[in-house]
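For reference, the structure discussed in these notes is given below.
The values are calculated or read from the model by the stated rules, or taken from the named source; none is laboratory data. Since this is a predicted model, take the numbers as computed values, not measurements. Please note: Cβ atoms are built from the backbone with ideal geometry, for glycine as well, and neighbour counts cover all protein chains shown.
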Amino acid sequence: MSKRLDVKDLINIGIYTAIHFLCIFIFAMLGFIPQIFVFAGVFEGFVGAIPIMIFLTKAKKPGMLTIMGILLGVITVIMGRPWQALIFAVVAGVISDIVWKLGNYKSPKAAVIVCGTMMLWMGGMGLPLFFSFRDNYLSSLEEGYGPDYVEVIKSLTPDWMFFVMIIIAVVGGLLGGLFAKRLLHKHFEKAGMTE
């Protein structure tokens, strides 16, 4: 089997990136409830892991997860996040590619880990709420959601919570990967992904 990406590989990357992002975006709506905001990543990671797990049955060549990460980063920046968000997404893709290669592109255990590591890109989504980006972002939130919403968000998100939110998303991805592994085990067997 050739290690070079072909048109079918690129189409699969595009389709599964879009499905993954859509799953994340739908569950990001939980952020409208400020008390759930910081924990939304566990739901996003859980649901977002399912299309990643299915994608891994088709991702048998180096670079496919890195390209997915790049696409997620570009979408994130287009949505108004700072350019640094692209770094999170690229790192998530590269780490995931390495893990998947170490799993010989078929290990279910490696696939579950990839579902977690891919969620590192979510750090870029949350970045505007922390550090030097915080004041401008909170001002824009206040215009749309009002001062009460912003006050609750402020109280729940000191700068150290940035790292907790990334961990929550990764844990959600791992849990989603485990769930998808059980749910889709026959599909994985057909794809040659067995213990």
Checklist entry - When the range 49-65 is examined, which residues are found to be small (Gly, Ala, Ser) and closer than 21 Å to MET122 by Cβ? => result ALA49, ALA59
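Residues that are at pLDDT 90 or above and more than 28 Å from ASP135 (Cα to Cα): list the helices (runs of 4 or more DSSP H) wholly contained in the range 1-85 that include at least 2 such residues.
7-28, 40-56, 64-78
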Checklist entry - TYR105 versus (1) assigned to a loop (DSSP other than H, G, I, E, B); (2) over 21 Å from LEU71 (Cβ atoms); (3) in contact (Cβ under 8 Å) with a residue 40 or more places away in the chain: which is the lone unmet condition? => result (2)
Item to check | For ARG182: the one exception among (1) within 22 Å of the chain's Cα centre (by Cα); (2) farther than 27 Å from ALA49 by Cα; (3) surrounded by fewer than 18 Cβ atoms within 10 Å (Cβ to Cβ) | outcome: (2)
Checklist entry - Within the range 91-100, is there a residue that is over 23 Å from CYS23 (Cα atoms) and among the acidic types (Asp, Glu)? => result no
Checklist outcome for this item: Over the range 76-110, the set of residues surrounded by fewer than 22 Cβ atoms within 10 Å (Cβ to Cβ), polar (S, T, N, Q) and under 17 Å from the mean Cα position of the chain (by Cα) is GLN84
Checklist outcome for this item: Out of (1) under 19 Å from ILE54 (Cα atoms); (2) within 16 Å of the chain's Cα centre (by Cα); (3) not charged (D, E, K, R), the one PHE39 does not meet is (1)
Next on the checklist: Restricting to the range 140-195, give me the number of residues that are in a loop (DSSP other than H, G, I, E, B), of a type in the set (Val, Ile, Thr) and without any contact (Cβ under 8 Å) to a residue 40 or more places away in the chain.
Outcome noted: 0
